[in-house]
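Okay, structure first, notes after.
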Amino acid sequence: MKTKKIIALVLSLLMVMSILAACGSDSSSTPADDTSDASSQAGGGQMATEGEDAQGADVTTRPTAIQPGTSFSYWINYDMPWMDNRATVLMLQVYDNLLYKHNANGDDIRGNLAESWDVSEDGLVWTFQIKQDAYFTSGNQVNAEAFVKTWDEAKEFQSRMFAPVESYVATGEFELTVTLHSPSATFIYDLPMQSLTGVVDPALLEEYGPDDIRAAVGCGPYYIESYTSGEGFVLKANPNYHNPDRQPCIETVNLVLIPDENTAVIALMNGELDSMNTVNIEVYNNLVEAEWDVSIVTDRHNAYWYNLREVELFRDPVVREALCHMIDWQAVSDIVYDGMFPDPGSLWQGPGEYPYDDGYTYDPELGIQMLEDAGYSKDDIKFTMLADPDFTDQEVAIQGQFQELGFNNVETVTYDGATCYGMLKGGTYEMFPVHNGYGVESPLTPYSMGLTPEGTQRVMWLEYADEDRYAEALEYYNLANTALDWDTYLENVTKISQIMVEENLFMGGLLTMRMYGVNPRFGGVYIAPITGYFDFCYLWDTEAAA
C-alpha cells in the first residue's frame, strides 16, 4: 500500500513541479506583483498565500474535535442548485472525493476516500483502494459502486471531467478502476479530486433523483441539515467524519442568502455574517475603513466574449478587432477598481497563456477607421453586454467609453447571478464576461466548457467565425487531451489560446481580484488561488473552549 502511495505522489509532484515551472515566467507573475502593490496602497488588503492561513492563526492550537455551540455564517447571493457548478461552495463541504489538496495547497495532494492508489506504467489505468471506514451521513457505507453510480449521473453535469476517461468500474467492493483513453497530465486534479464529482449516497440518489435536494447526501465534513428557498442552507458538522486531517471544528455553518451586496456588508458589520467576498472596490474600501483585515486572492481574467451565434455583426473579423481597439482597460481599472485590477495582457495568466497581439492595442481612431473602411457607421454597432452584479460597474464604464466615441447603441443589462448563468448555459446573450473555470492545474478546462460542441458554457463561437480554424482548435484540444506529458499538453493548450487571440473572439478584460473579509475570531481560512473558495472543515473558533 505504501509503495502505491509513493508512486502516485511522485507522479503528482512531477506534475506540480512542471506547473510551477510553467507559472514562473515574468508575464504571469507581473499582475500579482502589481496587485500586491496596489492593495498595499489601498491600506488594508493582503494577498493570500496558497496553503497558508489567511487569518494567521496558529495551526498547532487548532482543536481536533467539533467545538460545541460554534457557528459560522457565510454569504451567498443566489439560490444554489445542488448538482451544479454554481453550488461549488456547498459541494466542497458536503461531498468528498478520492483525493484532496491539503489546506487548498496544490503541492500537497493526499488520499481522502482513497487510502491508496496505483497508476499503471503506461499511465492509462488508475486503481483506487477506498477506505472501509467511510460512511454517508445517511449511515450507508461508501464503496466503489457508489462512485460508479454517482459518476453516471455527474457526466451530464460535469462532462469536462470525463473527457479523458474511457471507463470506470468497481473491480471490487472497495476497489475502483479508472481507465483513460490516453495518459493525462491533469487527470489527477479533476475527476478523482473535484468536489463537483464527489460521491453521493446512491440509495438516496435512486430514491429521489438528481434534482431533489433530499438526494444531496455525501460523506464530507458537513451535511445539509436544512434548506430554505430564498434564505439559504444550514450545514452541520459530520460527527462520524472519516478523515482526521479534515476534521470539522465549527458545529454549524450557515450559508446565508442575501441578494443585495450592500445589505450583506451591513450584515457583516453587524455580526450577522462572519464572512463575505467581493470584487467591488467600494465594499473593499468600506471594510478597510472599518479596520477589517481583508485578504485578497488573484481570481481569473473574465474576458468579454463575443457571441457570434446570436449576433451576426460579430461574425465579421473587422468588427471584432475594431471593438478590441476601443477600450482603455487601464482607465476602466482606475475608474472602477482604483487601479487594483490589472490589464493582464493575455487571455490566461499562467499555463496555456498567449500574449495579446497588435489587434488588442488601445487605438480607438484605428478602430473607427477600420469600421468606416468596412462600410459600417457608428449606428450599425449594436449589442448588449450582459452583467451580473459583480460586473455592473465595470460594464457601465466600458459603455461610457463607447458612448464618448459616439457608439450610442452599445448597452448593458444586469441580472442576478443565477439568471446570468442560465443565459450563459442557454447561449442567450450577446456579450458576457466569464472565465470558464481556468486553473493552473487544468488550463484546458475553459475550452472543455466553452469551445467544444458539448461544452456547458459555450462562449467561444469559433465555428461562426471560421470553420477551418474551429476544426484546427478542436484538433489541438484532442491532442492536449491525449498528451503523454505536461509539456505536450501545454503546447496544445497554448495553441488554442493563440487562435482565440488571433481571431479576436473576445474584446479584452481585466484580471479580477477577489477580496475576503472574515471575522478575526476564526482561524483556518485557506483560500484557494484562482477559484477563491475555502473549505469550512479547516475553520475553528479561536475564542471558543476546545
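Values in this text are rule-based calculations from the coordinates and carry no lab data. Bear in mind the structure is a predicted one, so any value in this text is a computation, not a measurement. Positions of Cβ are generated from backbone atoms using ideal geometry, with glycine treated the same way; all protein chains shown enter the neighbour counts.
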- Message: Taking the square root of 5 times each eigenvalue of the Cα gyration tensor, what semi-axes in Å does the equivalent ellipsoid of segment 258-302 have, largest first?
- Response: 18, 13, 10
- Message: What are the extents of the Cα atoms of segment 186-285 along their three principal axes, in Å, largest first?
- Response: 45, 33, 26
- Query: Given H placed on each backbone N at 1.01 Å, which residues far from Ser346 in sequence or on other chains put an amide H within less than 5 Å of it?
  - Reply: Tyr356
- Query: P(r) for segment 228-290: what percent of alpha-carbon pairs falls in each 5 Å bin, starting at zero?
  - Reply: 4, 14, 21, 18, 13, 14, 10, 5, 1
- Query: With each label point set 7 Å from Cα along the Cα-Cβ vector, what nm distance links Ser159 and Asp466?
  - Reply: 2.6
- Would you mind computing, in nm to one decimal, how far apart the modelled labels at Thr49 and Glu206 are, each placed 7 Å from Cα along Cα→Cβ? 5.0
- Task: Please turn the phi angles of segment 129-145 into ³J(HN,Hα) values with the Karplus equation 6.51 cos²θ - 1.76 cosθ + 1.60 (θ = phi - 60°), one per residue in order, whole Hz, x for glycine and proline.
- Result: 9, 8, 3, 9, 10, 9, 10, 5, 5, 7, x, 6, 7, 7, 9, 5, 5
- Computed from the mean reciprocal separation of all distinct C-alpha pairs, what Kirkwood hydrodynamic radius does segment 298-373 have, in Å? 13.8
- Task: Would you pull out the residues with amide H under 5 Å of Ile381's amide H, same chain only if 5 or more places away, H placed 1.01 Å from N?
- Result: none
- Nearest 10, in degrees from 0 to 90: the angle of helix 417-426 to the longest Cα principal axis of the chain is 70
- Integer Hz, Karplus 6.51/-1.76/1.60 couplings in order for segment 454-470, x for Gly and Pro: 8, x, 7, 9, 5, 10, 10, 8, 5, 4, 8, 9, 7, 5, 5, 5, 5
- Query: In debye, nearest 20: dipole of segment 197-348 around its Cα centre with unit charges on the Cβ of K, R (+) and D, E (-)?
  - Reply: 440
- Message: Quick check: net charge around Thr252, other residues with Cβ under 13 Å of its Cβ, Lys/Arg +1 and Asp/Glu -1?
- Response: -3
- Ser116's amide H: which non-local residues (gap 5+, or another chain) put their own amide H closer than 5 Å, with H modeled 1.01 Å from N in plane and none for Pro or chain starts? Gln129
- Provide the per-residue ³J(HN,Hα) series for segment 278-291, in order, calculated from phi with Karplus coefficients 6.51, -1.76, 1.60 and θ = phi - 60°, each as a whole number of Hz, with x at glycine and proline positions. 8, 10, 8, 5, 5, 4, 4, 5, 5, 5, 5, 5, 7, 6
- Task: Sort the following peptides by mean Cβ neighbour count (other Cβ atoms within 10 Å, averaged over residues), highest first: 219-232, 189-202.
- Result: 189-202, 219-232
- Rounded to the nearest whole Å³, what is the per residue volume of the convex hull around the Cα atoms of the chain? 138
- Note on the structure: Between Asp260 and Ser377, the two model label points (7 Å from Cα along the beta-carbon direction) sit apart by a distance in nm of 4.3
- Sort 522-532, 271-281 for me by packing, meaning the mean count of neighbouring Cβ atoms within 10 Å per residue, highest on top. 522-532, 271-281
- Task: With viscosity set to 0.890 mPa s and temperature to 25 °C, compute the Stokes-Einstein D of segment 453-546, Rh being the Kirkwood radius across alpha carbon pairs; µm²/s, no decimals.
- Result: 143
- Message: Please compute the length gained on full extension between Val125 and Glu502, using 0.36 nm multiplied by the number of residues separating them and subtracting their Cα-Cα distance.
- Response: 131.9 nm
- Message: Rounding to the nearest 10 and keeping the result within 0 to 90°, find how far the Cα-based axis of helix 26-42 lies from the longest principal axis of the chain.
- Response: 90
- Task: Compute the long axis of helix 486-502 from its Cα atoms, compare it with the longest principal axis of the Cα atoms of the chain, and write down the angle in degrees, 0 to 90, nearest 10.
- Result: 30
- Note down the relative contact order for the chain as a percent, whole number, built from C-alpha pairs under 8 angstrom at least six residues apart. 22
- Expressed in angstrom and rounded, the centroid-to-centroid distance over alpha carbons for segment 86-120 and segment 441-477 is 28
- Query: If we count every other residue with Cβ under 10 angstrom of Tyr362's Cβ, Lys/Arg +1 and Asp/Glu -1, where does the sum land?
  - Reply: -3
